[in-house]
Amino acid sequence: MCGQQQILTLVQLAQKQEAGNPEEAAKAYLQAADLLLEQSQDHPAKEDEYITIANKLYLKAKKLRNKTFAGKLLAPKDNKIGFKDIGGLEELKEEIRFKIIEPFRNPELFNYYGQQAGGGILMYGPPGCGKSLIAKATANEAQANFIHVKGSDIKSKYVGETEKNIAELFQKAREAQPTIIFFDEFEVLGGDRTEAYAHERSAVAQLLTEMDGVDTKNQQILLLAATNEPWSIDPALRREGRFGTSIYIPPPDTEARKAILQLQLSNRPTEEIDYELLAEETVGCSGADLKSVCEMAAAIPLKESFITRNRRNINQEDLETALGKINSVLKQWFRKAQEQVARRRLEESFPELVLGAEQLAITA
Ligand SMILES: Nc1ncnc2c1ncn2[C@@H]1O[C@H](COP(=O)(O)OP(=O)(O)OP(=O)(O)O)[C@@H](O)[C@H]1O
Ligand SMILES: [Mg+2]
């Protein structure tokens with residue numbers, strides 16, 4: 001009976017936290033619901049009863065999450081991230097301007113020249129290299145509302161719930177036009193159906209239905225998706241008119257690394273820094289790695305000042321010290337990418353991943 005006691009404790013905890021901390025309360029309700037589902041399998045006689053209660057708990061969690069989840073719409077005036085905050089990647093910004101922002105702002109012109117506007121765009125690439133940042137900045141540049149949803153937020157193991165979440169999401173987007181819906185961790189939602197359980201497949205089906213229902217001539221809704229497992233995205237979703245356009249977001253090159261370091265240090269007190277040198281020394285680092293380097297470097301004089309009571313500026317040596325501690329995941333990711341792409345024979349779809357893996361191996 002210890003399982004039941006645990007469920008009871010979780011529900012009580014959730015009830016207490018409903019007002020003050022809805023996110024934690026939702027989590028506890030979900031945990032309780034999961035445990036109940038497990039128990040229902042061990043107690044066939046009570047299976048229906050347990051499932052009914054589990055569903056009720058699930059709905060409670062969903063209601064609490066809704067306050068934060070589907071309502072998380074960022075208006076352009078509150079979106080402070082723009083292209084100016086993205087270091088380097090100038091060609092990519094141009095590409096996004098041409099493929100996303102201009103068609104979105106000026107669909108009539110694109111139609112005039114017979115260019116298809118709308119549909120969805122899939123961004124893929126290694127972790128920490130700016131996919132989420134670029135999505136947010138794109139919404140700002142396009143002066144669109146921005147809804148950020150993670151695959152794990154809307155994916156539910158309860159039959160029918162994922163579809164309902166997707167439908168609600170599109171409804172919200174329609175009410176708020178112009179809107180960019182950004183599906184983060186897209187592989188969770190749009191993973192290859194051949195590898196999924198039957199009821200999980202319907203999430204992709206629902207997504208396809210909603211996407212096909214977006215009338216690009218009359219509706220200002222754009223879908224952006226991001227993944228760092230592009231090889232596992234359902235091919236049906238990569239077809240023309242859906243996520244037919246993909247954009248590879250590469251690791252930052254030398255120029256981009258320099259720009260990211262400058263951005264990250266621009267609001268901190270520094271000595272003269274040799275950015276050229278640092279950019280050379282950070283081959284194989286992601287943007288997120290560079291951000292960590294700057295944070296760690298700044299912590300050095302900060303900690304010193306507790307003792308010396310003297311505020312000195314961040315210097316080159318601090319940055320070099322911080323850099324020595326970074327353990328980038330890029331190489332590991334490219335190795336995995338190479339393996340997965342080869343296993344599924346997708347070399348033609350993702351040539352950059354093969355090339356990226358080769359390049360990193362050379363500099364190893
Ligand atoms: N080009 C860039 N310019 C400025 N900052 C960057 C850049 N790329 C990454 N960063 C920094 O790294 C952080 C992580 O980037 P972001 O979250 O956009 O990566 P991601 O590609 O979405 O990663 P994941 O696949 O893990 O979700 C950003 O918040 C930003 O601070
Ligand atoms: Mg991201």
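Structure notes:
- Listing of helices (runs of 4 or more DSSP H) fully contained in region 1-97 that carry 3 or more residues being under 22 Å from the mean Cα position of the chain (by Cα): 22-42, 47-68, 90-96
- Of L290, L330, all but one fail to be at pLDDT below 95, touching a Pro at 6+ places or on another chain (Cβ under 9 Å) and closer than 30 Å to W231 by Cα; the exception is L330.
- So K172, is it farther than 25 Å from P230 by Cα, modelled with pLDDT under 95 and either touching a Leu at 6+ places or on another chain (Cβ under 9 Å) or within 16 Å of ligand 2 (Cβ to nearest atom) (or both): yes
- Remark: pairs (first residue in region 246-262, within 10 Å of Y275 (Cα to Cα); second residue outside any helix (DSSP H, G or I) and more than 10 Å from ligand 1 (Cβ to nearest atom); Cβ separation under 6 Å; 6+ apart in sequence or on different chains) = R257/T282.
- Test: L319 is of a type outside the set (S, T, Y), within 30 Å of D234 (Cβ to Cβ), in contact (Cβ under 8 Å) with a residue 24 or more places away in the chain and part of a helix (DSSP H, G or I): no
- Condition broken by R238, with the remaining ones in (1) modelled with pLDDT of 95 or more; (2) away from ligand 1 (no atom under 16 Å from the Cβ); (3) among the charged types (D, E, K, R) satisfied: (1)
- Residue match in region 261-281 (condition: surrounded by 13 or more Cβ atoms within 10 Å (Cβ to Cβ), under 22 Å from N228 (Cβ atoms), within 16 Å of ligand 1 (Cβ to nearest atom) and at pLDDT 95 or above): yes
- Subset tally (residues that are at negative phi and touching a residue at least 60 places away in the same chain (Cβ under 8 Å)) for region 137-153: 11
- All conditions but one from (1) surrounded by 19 or more Cβ atoms within 10 Å (Cβ to Cβ); (2) within 16 Å of ligand 2 (Cβ to nearest atom) apply to K72; the one that does not is (1).
- Region 84-116 - residue that is in contact with a strand residue (DSSP E or B) (Cβ under 9 Å, 6 or more places away or on another chain) and modelled with pLDDT under 85 and, of those, farthest from ligand 2 (Cβ to nearest atom): P103
- Elements of type helices (runs of 4 or more DSSP H) contained in region 196-306, each with 1 or more residues being farther than 30 Å from E358 by Cβ: 198-213, 254-265
- In region 101-183, counting only helices (runs of 4 or more DSSP H) that sit wholly within it, none holds 3 or more residues that are within 16 Å of ligand 1 (Cβ to nearest atom), crowded, with 23+ Cβ neighbours inside 10 Å and not assigned by TED's automatic domain parsing to the domain that holds S232.
The values are calculated or read from the model by the stated rules, or taken from the named source; none is laboratory data. A quick note: this is a predicted structure, and the numbers were derived from the prediction, not measured. Every residue, glycine among them, receives a Cβ derived from its backbone with ideal geometry; neighbour counts consider all protein chains shown.
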